[in-house]
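Taking it in order: structure first as C-alpha cells, then the write-up.
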Amino acid sequence: MSKLPIAVLISGGGSNLQALIDKIEEGILDVDIKMVLSNRAGAYGLERAKTHSIPTCVLSHKDFKSREDFDGEMVRILKETGAQAVVMAGFMRIITPVFLNAFSGRIINIHPALLPSFAGAGGQTEAGEYGVQISGCTVHFVDEKMDNGAIIIQAAVPAMPGEDVDVLAKRILRVEHRILPQATQWLAEGRLRTEGRFVKLGLADVAKAEQDTDFPCLINPPLEYGF
Ligand code: GRF
C-alpha cells in the first residue's frame, strides 16, 4: 500500500509522535512523516524525530505578527515537503483558516479528554478536579474552533477520586498512544467519511464487514454482582 505523506506538529515531549514512529517501524502504519514541525525550539520531540532521521523544523509563533502570518509560513514549509495531511500531536497552538484551508479535511488532533468535555489546555487537570469517574482522550478532525471538529475515535480510562493529576494524565497518555496511530492509519487508508458531525469508518474489507463487533465498554467504579 502506498504511504500517505504527512507532517506532524508538536510543541513538547513528542511521546505521541514516538507512538506514530513506532507503528510505522512495526510496518502497520502506512504514512511517511515528511517533517516534524515544532513551535518551540526546546521540544524533546525534535530529538525523537532526528533519532529516526525525520526532517525537523522549528518555527516560533513569536516571530510572526499574526496567527495568520505564522500559519501561512507553516503551510509554505509543509507543502514544500509534499505532506498531504497533518497530525497535531501535542501542538499547543490554535490554527486559523489559512492553515485549515491548505489541508482541508486532512488535519487531525489528539486531545487528552473526552470531548466535548474539558476542551482547551489542561483537559486532564480540569477533568480530575471536576471529579469525573471516567476520563479519556479523543482524536478529532480540526476545524475553526478549538477542540471542536468531528470525532474520529475516543478512549475512556477510569479516573480515581482525588488522585494526582499527573497519574491520571499518564493513564490517559497511554491510550493516546494507541488511538492516535489508529486514527492516522484510517486517514491513510481513506476510510474516514465525514457527514456533518459524524465520522463514519469505512470497512477495511469484506471479511471484517461480516464479523460481529464486540463493543468494549468501560464503567468506573466497576459494576458489582448482579448489575
Ligand atoms: C498530550 O497529552 C496531548 O494530548 C496534549 O499534549 C500532550 C502531548 O504529549 N495535547 P506528547 O508531546 O505527545 O508527549
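The values are calculated or read from the model by the stated rules, or taken from the named source; none is laboratory data. Quantities reported herein were computed from a predicted structural model and do not represent experimental measurements. Cβ coordinates were reconstructed from backbone atoms using ideal geometry, including for glycine residues, and neighbour counts include every protein chain displayed. The protein model used for the area step is the full one, side chains on, heavy atoms only, and it has no ligands, DNA or RNA in it. Shrake-Rupley method; radii C 1.70, N 1.55, O 1.52, S 1.80 Å.
Here are the numbers for this structure:
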| read-out | value |
| --- | --- |
| Extension gain (nm, one decimal) between GLU163 and LYS62, 0.36 nm per residue minus Cα-Cα | 32.8 nm |
| Rounded to the nearest 10 Å², the accessible area of ARG193 at probe 1.4 Å | 130 Å² |
| Solvent exposure, largest accessible area first (probe 1.4 Å, DNA, RNA and ligands not counted), of CYS137, CYS57, CYS217 | CYS217, CYS57, CYS137 |
| Highest-fluctuation residue, ALA188, ALA121, ALA85 considered, GNM on the chain with Cα pairs under 10 Å | ALA121 |
| Within the accessible area of segment 111-227 (1.4 Å probe), percent carbon and sulfur | 55 percent |
| CD proxy at 222 nm, helix term only [per DSSP H run n ≥ 4: -39500 (n - 2.57); per residue of the chain; nearest 500] | -10500 deg cm²/dmol |
| Solvent-accessible area per residue for the chain (1.4 angstrom probe, square angstrom) | 54 Å² |
| Projected area averaged over orientations for segment 66-168, convex hull of C-alpha atoms, nm² | 6.8 nm² |
| Per-residue HN-Hα couplings for segment 2-11 [Karplus 6.51, -1.76, 1.60; θ = phi - 60°; Hz; x = Gly/Pro] | 6, 9, 7, x, 10, 10, 10, 9, 9, 9 |
| Rh by Kirkwood over Cα pairs, then Stokes-Einstein D for segment 111-227 at 1.002 mPa s and 20 °C, µm²/s | 137 µm²/s |
| For segment 45-55, 3J(HN,Hα) per residue [Karplus equation, 6.51 cos²θ - 1.76 cosθ + 1.60, θ = phi - 60°, Hz, x = Gly/Pro] | x, 4, 5, 4, 4, 4, 4, 9, 6, 9, x |
| Out-of-range pairs (alpha-carbon distance over 29 Å; input LYS65/LYS145; LYS3/LYS65; LYS34/LYS200; LYS3/LYS170) | LYS3/LYS65; LYS3/LYS170 |
| Sum of side-chain charges, ALA155 neighbourhood, beta-carbon under 9 Å (Lys, Arg +1; Asp, Glu -1) | 0 |
| Size-normalised alpha-carbon gyration radius of segment 1-104, reference 2.2 N^0.38 Å | 1.02 |
| By accessible area with a 1.4 Å probe, ligands and nucleic acids excluded, highest first: order of LEU20, LEU201 | LEU201, LEU20 |
| C-alpha long axis of helix 67-81 to longest principal axis of the chain, angle in ° | 80 degrees |
| Charge dipole (debye, nearest 20) of the chain; +1 at Cβ of Lys and Arg, -1 at Cβ of Asp and Glu | 560 debye |
| Dimensionless Rg ratio for the chain, taking C-alpha atoms and the 2.2 N^0.38 Å reference | 1.04 |
| In order through segment 156-168: 3J(HN,Hα) via Karplus (6.51 cos²θ - 1.76 cosθ + 1.60), integer Hz, x for Gly, Pro | 10, 9, x, 10, 9, x, x, 6, 4, 4, 5, 5, 5 |
